[in-house]
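Below you'll find the structure, written out as C-alpha coordinates, and then a few comments.
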Amino acid sequence: MNTLPSETRRRTLTNLALDGAMFVTFLIATAPRFTGIAIHEWLGIALGAAVLTHLVIHWSWIVGVTRRLFDRTTGSARLNYALNTLLFIVFTTIIFTGLMISETTLPWIGIRPERDRFWTQLHHLASDAAVFLIGVHVALHWRWIVNATRRLRARFSRTAPSLSAAPVLTKEAQQ
Ligand code: HEM
Ligand code: HEM
(Lines give C-alpha, C1' and ligand atoms only; values in the text may rest on other atoms or scores of the structure.)
(Ligands and ions follow the chains in the order given, each with its own letter.)
Protein backbone atom coordinates (compact mmCIF):
# COMPACT_ATOMS: atom_id res chain seq x y z
CA MET A 1 0.00 0.00 0.00
CA ASN A 2 1.27 3.47 -0.89
CA THR A 3 1.60 5.52 2.32
CA LEU A 4 2.74 8.75 0.61
CA PRO A 5 -0.64 10.51 0.42
CA SER A 6 -1.35 10.10 4.16
CA GLU A 7 2.23 11.16 5.02
CA THR A 8 1.87 14.23 2.76
CA ARG A 9 -1.51 14.96 4.36
CA ARG A 10 -0.10 14.67 7.86
CA ARG A 11 2.73 17.08 6.99
CA THR A 12 0.31 19.55 5.39
CA LEU A 13 -1.89 19.54 8.51
CA THR A 14 1.13 19.95 10.82
CA ASN A 15 2.31 22.94 8.76
CA LEU A 16 -1.16 24.47 8.65
CA ALA A 17 -1.59 24.10 12.42
CA LEU A 18 1.84 25.61 13.15
CA ASP A 19 1.39 28.45 10.63
CA GLY A 20 -2.06 29.26 12.05
CA ALA A 21 -0.79 29.22 15.64
CA MET A 22 2.14 31.48 14.68
CA PHE A 23 -0.16 33.92 12.91
CA VAL A 24 -2.56 34.23 15.88
CA THR A 25 0.36 34.51 18.35
CA PHE A 26 1.94 37.19 16.17
CA LEU A 27 -1.28 39.23 16.10
CA ILE A 28 -1.61 39.01 19.90
CA ALA A 29 2.09 39.92 20.34
CA THR A 30 1.56 43.14 18.36
CA ALA A 31 -0.83 44.37 21.08
CA PRO A 32 1.04 44.26 24.43
CA ARG A 33 -1.40 46.77 25.96
CA PHE A 34 -4.11 44.18 25.47
CA THR A 35 -2.28 41.27 27.16
CA GLY A 36 0.05 43.04 29.60
CA ILE A 37 3.86 43.00 29.25
CA ALA A 38 4.49 39.65 31.04
CA ILE A 39 2.24 37.66 28.68
CA HIS A 40 3.61 39.70 25.75
CA GLU A 41 7.19 38.71 26.56
CA TRP A 42 6.46 34.97 27.02
CA LEU A 43 4.34 34.92 23.85
CA GLY A 44 7.16 36.64 21.95
CA ILE A 45 9.67 34.03 23.13
CA ALA A 46 7.27 31.18 22.27
CA LEU A 47 6.82 32.72 18.81
CA GLY A 48 10.61 32.81 18.40
CA ALA A 49 10.72 29.05 19.18
CA ALA A 50 7.84 28.40 16.75
CA VAL A 51 9.63 30.32 13.97
CA LEU A 52 12.76 28.21 14.57
CA THR A 53 10.61 25.06 14.20
CA HIS A 54 9.07 26.57 11.03
CA LEU A 55 12.59 27.04 9.62
CA VAL A 56 13.68 23.50 10.56
CA ILE A 57 10.57 22.12 8.81
CA HIS A 58 11.45 24.11 5.67
CA TRP A 59 15.17 23.45 5.92
CA SER A 60 15.37 21.41 2.70
CA TRP A 61 13.67 24.31 0.82
CA ILE A 62 16.21 26.77 2.31
CA VAL A 63 19.20 24.58 1.38
CA GLY A 64 17.81 23.77 -2.09
CA VAL A 65 17.05 27.39 -3.07
CA THR A 66 20.35 28.64 -1.57
CA ARG A 67 22.24 26.21 -3.85
CA ARG A 68 20.29 27.25 -6.97
CA LEU A 69 19.96 30.96 -6.14
CA PHE A 70 22.54 32.26 -8.65
CA ASP A 71 22.02 29.44 -11.09
CA ARG A 72 18.56 28.28 -12.11
CA THR A 73 15.54 28.72 -9.90
CA THR A 74 12.11 30.30 -10.35
CA GLY A 75 11.45 34.02 -9.88
CA SER A 76 8.91 33.26 -7.17
CA ALA A 77 11.45 31.15 -5.24
CA ARG A 78 13.90 34.09 -5.42
CA LEU A 79 11.22 36.52 -4.20
CA ASN A 80 10.29 34.20 -1.31
CA TYR A 81 13.97 33.75 -0.48
CA ALA A 82 14.57 37.53 -0.29
CA LEU A 83 11.44 38.04 1.81
CA ASN A 84 12.26 35.13 4.15
CA THR A 85 15.77 36.52 4.67
CA LEU A 86 14.29 39.91 5.63
CA LEU A 87 11.82 38.14 7.93
CA PHE A 88 14.67 36.31 9.62
CA ILE A 89 16.59 39.56 10.23
CA VAL A 90 13.48 41.39 11.49
CA PHE A 91 12.38 38.58 13.83
CA THR A 92 15.90 38.19 15.24
CA THR A 93 15.92 41.96 15.88
CA ILE A 94 12.50 41.88 17.61
CA ILE A 95 13.45 39.03 19.95
CA PHE A 96 16.91 40.47 20.71
CA THR A 97 15.66 44.03 21.38
CA GLY A 98 12.68 42.58 23.31
CA LEU A 99 15.11 40.78 25.62
CA MET A 100 17.20 43.98 25.98
CA ILE A 101 14.14 45.88 27.30
CA SER A 102 12.61 42.89 29.10
CA GLU A 103 10.70 43.65 32.31
CA THR A 104 9.68 40.07 33.16
CA THR A 105 11.51 37.24 31.42
CA LEU A 106 15.15 38.26 31.90
CA PRO A 107 14.55 39.56 35.48
CA TRP A 108 12.95 36.12 36.10
CA ILE A 109 16.38 34.50 35.60
CA GLY A 110 18.10 37.26 37.59
CA ILE A 111 19.24 39.54 34.73
CA ARG A 112 17.96 43.13 34.87
CA PRO A 113 18.79 44.99 31.66
CA GLU A 114 19.14 48.81 31.82
CA ARG A 115 16.17 50.50 30.19
CA ASP A 116 17.43 51.96 26.93
CA ARG A 117 15.46 54.17 24.53
CA PHE A 118 17.43 52.91 21.54
CA TRP A 119 16.42 49.24 22.05
CA THR A 120 12.81 50.27 22.71
CA GLN A 121 12.61 52.27 19.49
CA LEU A 122 14.29 49.53 17.49
CA HIS A 123 11.83 47.00 18.97
CA HIS A 124 8.89 49.17 17.85
CA LEU A 125 10.41 49.75 14.40
CA ALA A 126 11.16 46.05 13.80
CA SER A 127 7.66 44.99 14.89
CA ASP A 128 6.11 47.54 12.49
CA ALA A 129 8.28 46.11 9.67
CA ALA A 130 7.22 42.57 10.70
CA VAL A 131 3.52 43.43 10.35
CA PHE A 132 4.18 44.43 6.74
CA LEU A 133 6.50 41.48 5.94
CA ILE A 134 4.21 38.86 7.51
CA GLY A 135 1.32 40.34 5.50
CA VAL A 136 3.28 39.82 2.25
CA HIS A 137 4.56 36.37 3.37
CA VAL A 138 1.00 35.17 4.06
CA ALA A 139 -0.29 36.75 0.82
CA LEU A 140 2.38 34.93 -1.23
CA HIS A 141 1.30 31.59 0.28
CA TRP A 142 -2.42 32.34 0.13
CA ARG A 143 -3.22 29.65 -2.45
CA TRP A 144 -1.44 27.01 -0.34
CA ILE A 145 -3.37 28.16 2.77
CA VAL A 146 -6.75 27.99 0.99
CA ASN A 147 -6.04 24.53 -0.49
CA ALA A 148 -4.72 23.13 2.79
CA THR A 149 -7.70 24.55 4.72
CA ARG A 150 -10.11 22.95 2.23
CA ARG A 151 -8.45 19.60 2.83
CA LEU A 152 -8.67 20.10 6.59
CA ARG A 153 -12.38 20.87 6.33
CA ALA A 154 -12.91 17.84 4.11
CA ARG A 155 -11.21 15.68 6.72
CA PHE A 156 -13.66 16.73 9.43
CA SER A 157 -16.69 16.67 7.20
CA ARG A 158 -18.69 13.43 7.33
CA THR A 159 -19.67 13.72 3.70
CA ALA A 160 -16.06 14.15 2.60
CA PRO A 161 -14.86 11.90 -0.21
CA SER A 162 -11.63 9.88 0.14
CA LEU A 163 -8.84 12.16 1.35
CA SER A 164 -6.14 10.31 -0.48
CA ALA A 165 -6.91 12.19 -3.72
CA ALA A 166 -4.96 15.26 -4.88
CA PRO A 167 -2.65 15.90 -1.91
CA VAL A 168 -1.62 19.50 -1.21
CA LEU A 169 2.11 19.53 -1.81
CA THR A 170 4.45 21.14 0.68
CA LYS A 171 6.68 23.92 -0.62
CA GLU A 172 9.61 21.48 -0.68
CA ALA A 173 7.75 19.08 -2.89
CA GLN A 174 6.75 21.89 -5.27
CA GLN A 175 10.31 23.17 -5.81
C1 HEM B 1 3.41 34.70 11.76
C2 HEM B 1 4.43 34.10 11.24
C3 HEM B 1 4.44 33.25 9.97
C4 HEM B 1 3.42 32.64 9.26
C5 HEM B 1 1.93 32.69 9.55
C6 HEM B 1 4.03 31.92 8.16
C7 HEM B 1 3.35 31.20 7.19
C8 HEM B 1 3.93 30.44 6.19
C9 HEM B 1 3.21 29.66 5.21
C10 HEM B 1 1.69 29.58 5.10
C11 HEM B 1 4.13 29.02 4.44
C12 HEM B 1 3.85 28.04 3.26
C13 HEM B 1 3.21 26.79 3.75
C14 HEM B 1 4.10 25.90 4.54
O15 HEM B 1 4.76 25.04 3.92
O16 HEM B 1 4.16 26.02 5.79
C17 HEM B 1 5.44 29.42 4.91
C18 HEM B 1 6.64 29.00 4.35
C19 HEM B 1 7.86 29.46 4.77
N20 HEM B 1 8.12 30.39 5.74
FE21 HEM B 1 6.76 31.25 6.94
N22 HEM B 1 5.39 32.09 8.22
C23 HEM B 1 5.68 32.91 9.29
C24 HEM B 1 6.91 33.37 9.69
C25 HEM B 1 8.09 33.10 9.03
C26 HEM B 1 9.37 33.67 9.37
C27 HEM B 1 9.61 34.70 10.50
C28 HEM B 1 10.28 33.13 8.51
C29 HEM B 1 11.76 33.39 8.43
C30 HEM B 1 12.52 33.63 9.46
C31 HEM B 1 9.58 32.22 7.64
C32 HEM B 1 10.15 31.44 6.66
C33 HEM B 1 9.49 30.57 5.83
C34 HEM B 1 10.14 29.69 4.88
C35 HEM B 1 11.65 29.56 4.66
C36 HEM B 1 9.12 29.00 4.21
C37 HEM B 1 9.29 27.95 3.07
C38 HEM B 1 9.68 28.61 1.80
C39 HEM B 1 8.62 29.50 1.19
O40 HEM B 1 7.71 29.00 0.53
O41 HEM B 1 8.67 30.75 1.38
N42 HEM B 1 8.23 32.24 7.97
N43 HEM B 1 5.28 30.29 5.97
C1 HEM C 1 7.38 38.76 17.42
C2 HEM C 1 7.34 39.09 18.70
C3 HEM C 1 7.06 40.48 19.22
C4 HEM C 1 6.32 41.50 18.68
C5 HEM C 1 5.54 41.50 17.37
C6 HEM C 1 6.40 42.61 19.60
C7 HEM C 1 5.78 43.84 19.42
C8 HEM C 1 5.77 44.89 20.33
C9 HEM C 1 5.12 46.16 20.15
C10 HEM C 1 4.30 46.57 18.92
C11 HEM C 1 5.35 46.91 21.26
C12 HEM C 1 4.88 48.36 21.51
C13 HEM C 1 3.58 48.38 22.24
C14 HEM C 1 3.07 49.79 22.48
O15 HEM C 1 3.68 50.78 22.08
O16 HEM C 1 2.00 49.86 23.08
C17 HEM C 1 6.16 46.11 22.16
C18 HEM C 1 6.57 46.51 23.41
C19 HEM C 1 7.35 45.75 24.25
N20 HEM C 1 7.87 44.50 24.00
FE21 HEM C 1 7.56 43.39 22.34
N22 HEM C 1 7.21 42.25 20.67
C23 HEM C 1 7.62 40.95 20.47
C24 HEM C 1 8.44 40.21 21.28
C25 HEM C 1 8.93 40.63 22.51
C26 HEM C 1 9.81 39.87 23.36
C27 HEM C 1 10.34 38.45 23.04
C28 HEM C 1 10.05 40.63 24.47
C29 HEM C 1 10.91 40.33 25.67
C30 HEM C 1 11.29 39.13 26.04
C31 HEM C 1 9.32 41.88 24.32
C32 HEM C 1 9.30 42.92 25.23
C33 HEM C 1 8.62 44.11 25.09
C34 HEM C 1 8.58 45.16 26.09
C35 HEM C 1 9.28 45.13 27.46
C36 HEM C 1 7.80 46.18 25.56
C37 HEM C 1 7.44 47.53 26.22
C38 HEM C 1 8.31 48.61 25.64
C39 HEM C 1 7.73 49.97 25.87
O40 HEM C 1 7.85 50.45 26.99
O41 HEM C 1 7.16 50.52 24.93
N42 HEM C 1 8.66 41.85 23.10
N43 HEM C 1 6.41 44.90 21.57
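The values are calculated or read from the model by the stated rules, or taken from the named source; none is laboratory data. Keep in mind it's a predicted model, so treat the numbers as computed, not measured. Counting neighbours? That spans all protein chains shown, and the Cβs are built from the backbone with ideal geometry, glycine included. The protein model used for the area step is the full one, side chains on, heavy atoms only, and it has no ligands, DNA or RNA in it. Shrake-Rupley method; radii C 1.70, N 1.55, O 1.52, S 1.80 Å.
Being modelled with pLDDT of 95 or more, within 12 Å of ligand 1 (Cβ to nearest atom), more than 18 Å from ALA46 (Cβ to Cβ) and open to solvent by less than 50 Å² (accessible area, probe 1.4 Å) holds for only one residue in LEU133, LEU140, and it is LEU133. Looking across segment 81-130, the residues that are of a type in the set (A, V, I, L, M) and away from ligand 1 (no atom under 16 Å from the Cβ) come down to LEU99, MET100, ILE101, LEU106, ILE109, ILE111, LEU122, LEU125. Taking residues in segment 104-116 that are among the acidic types (Asp, Glu), and partners anywhere that are assigned to a loop (DSSP other than H, G, I, E, B) and surrounded by 12 or more Cβ atoms within 10 Å (Cβ to Cβ), the pairs with Cβ atoms closer than 8 Å and at least 6 places apart or on different chains are ASP116/ILE101.
Find the helices (runs of 4 or more DSSP H) located wholly in segment 30-95 whose residues include 1 or more that are of a type in the set (Ser, Thr, Tyr), surrounded by 15 or more Cβ atoms within 10 Å (Cβ to Cβ) and out of contact with any Pro (no Cβ under 9 Å at 6 or more places or on another chain), and list them. Please lay out each step first, then the result.
Details: elements: 32-35, 37-57, 59-68.
Fully inside segment 30-95 and qualifying: nothing.
For THR25, are the conditions met, namely being in a helix (DSSP H, G or I) and loosely packed, with under 14 Cβ neighbours inside 10 Å? Spell out the reasoning first.
On the way: in a helix (DSSP H, G or I): yes; loosely packed, with under 14 Cβ neighbours inside 10 Å: no.
The answer is no for THR25.
Among the residues of segment 92-113, at least one is within 18 Å of LEU47 (Cα to Cα), touching a Phe, Trp or Tyr at 6+ places or on another chain (Cβ under 6 Å) and among the polar types (S, T, N, Q). Remark: pairs (first residue in segment 25-49, under 19 Å from ILE134 (Cα atoms) and more than 11 Å from ligand 1 (Cβ to nearest atom); second residue part of a helix (DSSP H, G or I) and among the small types (Gly, Ala, Ser); Cβ separation under 6 Å; 6+ apart in sequence or on different chains) = LEU43/ALA29; GLY44/ALA29; GLY44/GLY98. Once segment 62-92 is narrowed to residues that are aromatic (Phe, Trp, Tyr) and out of contact with any helix residue (DSSP H, G or I) (no Cβ under 6 Å at 6 or more places or on another chain), the residue that is modelled with the highest pLDDT is PHE88.
Checking each residue in segment 1-50 for being more than 8 Å from ligand 2 (Cβ to nearest atom), acidic (Asp, Glu) and modelled with pLDDT of 95 or more picks out only ASP19.
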